Amino acid sequence: MSSTEQITAVVLAGGKSSRMGGVDKGWMDLNGKPLIHHVLDRILPQVSRCLINANRSLDAYGTLSLPVITDLEAGFEGPLMGIATGLHHATTDWVLFVPCDGPFLPETLATRMLDRAMQQGADIAVAHDGKRLQPVVALIKRNLLESVQAILAEGERKIDRWYAQQRMVDVDFSDYPDAFVNVNRKSDIDELQQMPKLLGLAAWSGTGKTTLLKQLLPVLKAQGIRVGVIKHAHHQFDVDHPGKDSYELRHAGADQMLICSSKRWALMVEEHQEGRPSLSKMLHQLDHSKLDLVLVEGFKKVSFPKIELYRQEVNKPQLHVNDENIIAVACDEVISLDSDIPLLDLNNIQQIAAFIQHYLKGERS
């Protein structure tokens, strides 16, 4: 049985949102889309079934075509009651709980949580962001329903106290530093709105991603768009060279080397990561206040919006067939697509730039 078949997700949207003045956080808008939609975009591909735990806005949540479950007991009793409610309605062995105001949850959340729980023989796995536990992001065995109902009957409402009585492990997500950003106050939405939009260029090697970027960047800059770029290198690389002071000092043992002048500065960090680098962590290194858009070359297996670059002469499969995150295909000739997404001319930089303008405004081109 695959990991997704073992897990039901429950989105916790049953709180009073006191710090938000009573506004239902799930329906607050972020970049033209309610928070609940952001959460579902991240979670649905990871699980076999998803439930919404809500105690108001029931008609609105009902439009999501997912089962809506209200707390087993009325009175807005908090997330521990939401957990009991989710365990009661789930049918899988494991239940993944996430908040309705977490728009950047990791795309590997469910599998990493389950792997850790199975390895440690735990009944509860709780996400840890590298600094603190995230108690409402948890994977819990369904057979703990009686335990949580018993502690609720005793009047307990603190999640951590119940967790302490169980076989619990924390799961390290420090490589996703922004994954557990949530919305507790209206000002939090304003800060999130300021984050630059992310757009990837996905393609097989030899298609011309870097060539397109070099042509596209001056056009976007002329249109007043402030652009950052993240590039995934698949091998060891250096941006400085032997003989340069920065190179020699870094190789002498500096874990971080910053070089600067009146025109630019650059920071090189020595960090040995297992597996692929984290896009979320790399994005966190940029100054979001000075960017409107971040173009990403590579990271084609990570879930975020992308334009596929396709050349038939490369003789590779079309990526959009298996990647629902691809929002357009740019090709050097007219081809038929298996998805209802725009086909762009790979050699028409102005057309691609216009598509990106529409994307930044949240419009369909």
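The values are calculated or read from the model by the stated rules, or taken from the named source; none is laboratory data. This is a predicted model, so every value here is computed, not measured. Ideal geometry is used to build each Cβ from the backbone, glycine not excepted, and the neighbour counts take in all protein chains shown. Remember, those area values only see protein heavy atoms, side chains included, never the ligands or the DNA or RNA. Shrake-Rupley method; radii C 1.70, N 1.55, O 1.52, S 1.80 Å.
Out of curiosity, is residue 356 modelled with pLDDT of 85 or more, part of a helix (DSSP H, G or I), β-branched (Val, Ile, Thr) and buried (at least 18 other Cβ atoms within 10 Å of the Cβ)? So residue 356 fits the description; yes. Reported count of residues in the range 60-77, each being open to solvent by 40 Å² or more (accessible area, probe 1.4 Å) and either over 28 Å from the mean Cα position of the chain (by Cα) or touching a residue at least 12 places away in the same chain (Cβ under 8 Å) (or both), is 9.
Entry remark, the range 286-310: residues being within 20 Å of residue 343 (Cβ to Cβ) and surrounded by fewer than 18 Cβ atoms within 10 Å (Cβ to Cβ) number 1 in total. Close Cβ contacts (under 9 Å, 6 or more residues apart or on different chains) running from residues in the range 80-108 that are within 13 Å of residue 176 (Cβ to Cβ) to residues that are surrounded by 24 or more Cβ atoms within 10 Å (Cβ to Cβ) and of a type in the set (Gly, Ala, Ser) comprise 102/179; 104/179; 105/127; 105/179; 106/127; 106/179.
Let's see how each residue does on (1) touching a Gly at 6+ places or on another chain (Cβ under 6 Å); (2) among the hydroxyl-bearing types (Ser, Thr, Tyr); (3) surrounded by 12 or more Cβ atoms within 10 Å (Cβ to Cβ); (4) over 30 Å from residue 107 (Cβ atoms):
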| position | (1), (2), (3), (4) |
| --- | --- |
| 134 | no, no, yes, no |
| 137 | no, no, yes, no |
| 146 | no, no, no, yes |
| 152 | no, no, yes, yes |
| 163 | no, yes, yes, no |
| 166 | no, no, yes, no |
| 174 | yes, yes, yes, no |
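Here the condition is being open to solvent by 60 Å² or more (accessible area, probe 1.4 Å) and either out of contact with any Ser or Thr (no Cβ under 9 Å at 6 or more places or on another chain) or more than 16 Å from residue 228 (Cα to Cα) (or both); of 337, 267, 283, it holds for 267 alone. Looking only at residues of the range 234-260 that are without any contact (Cβ under 8 Å) to a residue 12 or more places away in the chain and under 30 Å from residue 314 (Cβ atoms), we find that the one that is surrounded by the most Cβ atoms within 10 Å (Cβ to Cβ) is 238.
Do we have residue 8 as out of contact with any helix residue (DSSP H, G or I) (no Cβ under 8 Å at 6 or more places or on another chain) and open to solvent by less than 20 Å² (accessible area, probe 1.4 Å) here? Taking the combined requirement at face value, the residue does not satisfy it. Any residue in the range 316-330 that is part of a helix (DSSP H, G or I) sitting within a Cβ distance under 6 Å of a residue that is open to solvent by 20 Å² or more (accessible area, probe 1.4 Å) and not hydrophobic (A, V, I, L, M, F, W, C)? List the pairs, counting only those 6 or more apart or interchain. Correct list of pairs: 320/339; 321/338.
The lone criterion from (1) modelled with pLDDT under 90; (2) surrounded by 16 or more Cβ atoms within 10 Å (Cβ to Cβ); (3) of a type in the set (D, E, K, R) left unmet by residue 363 is number (2). Annotation: residue 346 fulfils all but one of (1) in contact with a Pro (Cβ under 7 Å, 6 or more places away or on another chain); (2) modelled with pLDDT of 90 or more; the unmet one is (1).
Out of all the residues in the range 80-110, which are among the β-branched types (Val, Ile, Thr) and in a helix (DSSP H, G or I)? 83, 85 - these are the residues of the range 80-110 that are among the β-branched types (Val, Ile, Thr) and in a helix (DSSP H, G or I).
Going by what's in this entry, would residue 129 be described as surrounded by fewer than 17 Cβ atoms within 10 Å (Cβ to Cβ) and among the charged types (D, E, K, R)? Answer is no for this residue. Looking across the range 95-116 at every residue that is hydrophobic (A, V, I, L, M, F, W, C) and surrounded by fewer than 23 Cβ atoms within 10 Å (Cβ to Cβ), the one that is modelled with the highest pLDDT is identified as 114. Of all residues in the range 28-59, those being free of Cβ contacts under 8 Å to residues at least 40 places away in the same chain and touching a helix residue (DSSP H, G or I) at 6+ places or on another chain (Cβ under 6 Å) number 1.
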